[in-house]
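The values are calculated or read from the model by the stated rules, or taken from the named source; none is laboratory data. In this text the structure is predicted, and so the values were computed from the model without any measurement. Heads up, the Cβs are rebuilt from the backbone with ideal geometry, glycines too, and the neighbour counts pull from every protein chain shown.
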Amino acid sequence: MRPLLSILVVLLITSSSHSVLGQKVTKETFRFQDKDRSYYVYVPEGLKKESPAPMIVMLHGSGRNGLSLVDKWRDLAKAEGIILVGPDSSNSQSWQIPQDAPDLLYELVEYLRIKYPVNSRRIYLFGHSAGAVAALYLSLLESEYFAATAVHAGALRSDDGPFIERAKRKIPISIFVGTNDSSFPLSVVRATHDALNTRGFKPELHEIKGHNHWYYDRAPEINKSAWTFLKAHELGADPKYERYNWAK
């Protein structure tokens with residue numbers, strides 16, 4: 001488990017909020033390990049308890065915050081009835097295990113399940129860049145909790161084969177990457193795809209011709225394809241969450 005302790009995702013936390021056409025993304029807090037933790041949430045209007053909604057947990061890239069992804073998904077979430085949540089990390093420079101994941105995400109999801117009608121078998125991950133890397137690792141750690149994962153511009157390390165093999169479920173994963181991405185070169189992302197594939201996963205790989213690392217201009221296109229993938233997957237049983245002893 002040692003390699004997990006070195007995973008850092010650089011980011012910058014801000015305190016903004018956003019509202020368009022009455023559909024609000026709000027910044028809220030909840031208590032985690034005796035601290036107030038910030039997150040951005042979007043909940044579509046008209047949700048009903050008898051028809052629980054899917055949820056996407058969003059992990060943002062370096063120099064961003066939870067709003068940067070939630071805001072880009074908001075229009076699609078309004079149309080499709082998706083609850084969005086984008087947490088901030090505890091340190092403005094990084095996501096850290098175990099301070100920020102996976103327990104923080106689990107506690108946040110369970111907290112929101114009390115407040116909103118969430119379909120517990122349709123909780124997904126989406127990440128961009130450094131957040132994509134974190135999402136890939138979290139998918140393997142908690143493969144029986146998240147139904148599926150989609151990421152843009154992220155990869156595992158070349159020596160992560162044994163870690164991949166520890167996943168208890170072959171969680172569906174879809175990876176999007178630009179052919180001109182200098183931060184996550186195509187060869188590196190292809191290697192992650194191949195490593196997952198040879199270990200029994202069936203990951204999708206979408207190579208976007210001429211695209212670079214910049215997600216935001218092409219977010220509507222990427223998000224639509226990512227949601228088409230995610231919504232096709234649902235856990236076959238109630239989610240199982242595994243806690244780890246990170247002190248070992």
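All of THR198, THR179, THR192 fail the test of being touching a strand residue (DSSP E or B) at 6+ places or on another chain (Cβ under 6 Å) and more than 26 Å from GLU80 (Cβ to Cβ), apart from THR179. Any residue in segment 198-216 that is in a helix (DSSP H, G or I), over 27 Å from GLU107 (Cα atoms) and touching a Gly at 6+ places or on another chain (Cβ under 9 Å)? No, every residue in segment 198-216 fails to be in a helix (DSSP H, G or I), over 27 Å from GLU107 (Cα atoms) and touching a Gly at 6+ places or on another chain (Cβ under 9 Å).
Given the residues PHE176, PHE126, PHE163, which is the only one that is closer than 26 Å to THR26 by Cα, surrounded by 16 or more Cβ atoms within 10 Å (Cβ to Cβ) and in contact with a helix residue (DSSP H, G or I) (Cβ under 7 Å, 6 or more places away or on another chain)? Break it down stepwise before answering.
Details: PHE176 fails: closer than 26 Å to THR26 by Cα; PHE163 fails: closer than 26 Å to THR26 by Cα.
The match here is PHE126.
With respect to ALA135, determine if the residue is in a helix (DSSP H, G or I), in contact with a Ser or Thr (Cβ under 6 Å, 6 or more places away or on another chain) and surrounded by 24 or more Cβ atoms within 10 Å (Cβ to Cβ). Yes. In segment 207-248, how many residues are surrounded by 17 or more Cβ atoms within 10 Å (Cβ to Cβ) and either of a type in the set (D, E, K, R) or in contact with a helix residue (DSSP H, G or I) (Cβ under 8 Å, 6 or more places away or on another chain) (or both)? Looking only at that region, the number is 6. Any chance you could count how many residues in segment 40-71 are in contact with a helix residue (DSSP H, G or I) (Cβ under 6 Å, 6 or more places away or on another chain) and surrounded by fewer than 21 Cβ atoms within 10 Å (Cβ to Cβ)? Total satisfying the criteria: 2. Taking residues in segment 31-47 that are charged (D, E, K, R), and partners anywhere that are part of a loop (DSSP other than H, G, I, E, B) and surrounded by 14 or more Cβ atoms within 10 Å (Cβ to Cβ), the pairs with Cβ atoms closer than 8 Å and at least 6 places apart or on different chains are LYS35/SER90; ARG37/ASP88; ARG37/SER90. For segment 146-187, the set of residues classified as in a strand (DSSP E or B) and of a type in the set (A, V, I, L, M, F, W, C) consists of ALA148, ALA150, VAL151, ILE173, ILE175, PHE176, VAL177, listed by residue number. Listed by first and then second residue, the pairs with beta-carbon distance under 9 Å, at least 6 apart or on different chains, first residue in segment 156-181 and farther than 12 Å from ARG199 by Cβ, second among the acidic types (Asp, Glu) and in a strand (DSSP E or B), are PRO172/GLU204; SER174/GLU204; ILE175/GLU204; PHE176/GLU204; PHE176/GLU207; VAL177/GLU207; GLY178/GLU207; THR179/GLU207.
For segment 217-248, enumerate the residues that are among the hydroxyl-bearing types (Ser, Thr, Tyr), at pLDDT 95 or above and assigned to a loop (DSSP other than H, G, I, E, B). If the condition is that a residue be among the hydroxyl-bearing types (Ser, Thr, Tyr), at pLDDT 95 or above and assigned to a loop (DSSP other than H, G, I, E, B), then TYR241 is the only one that fits.
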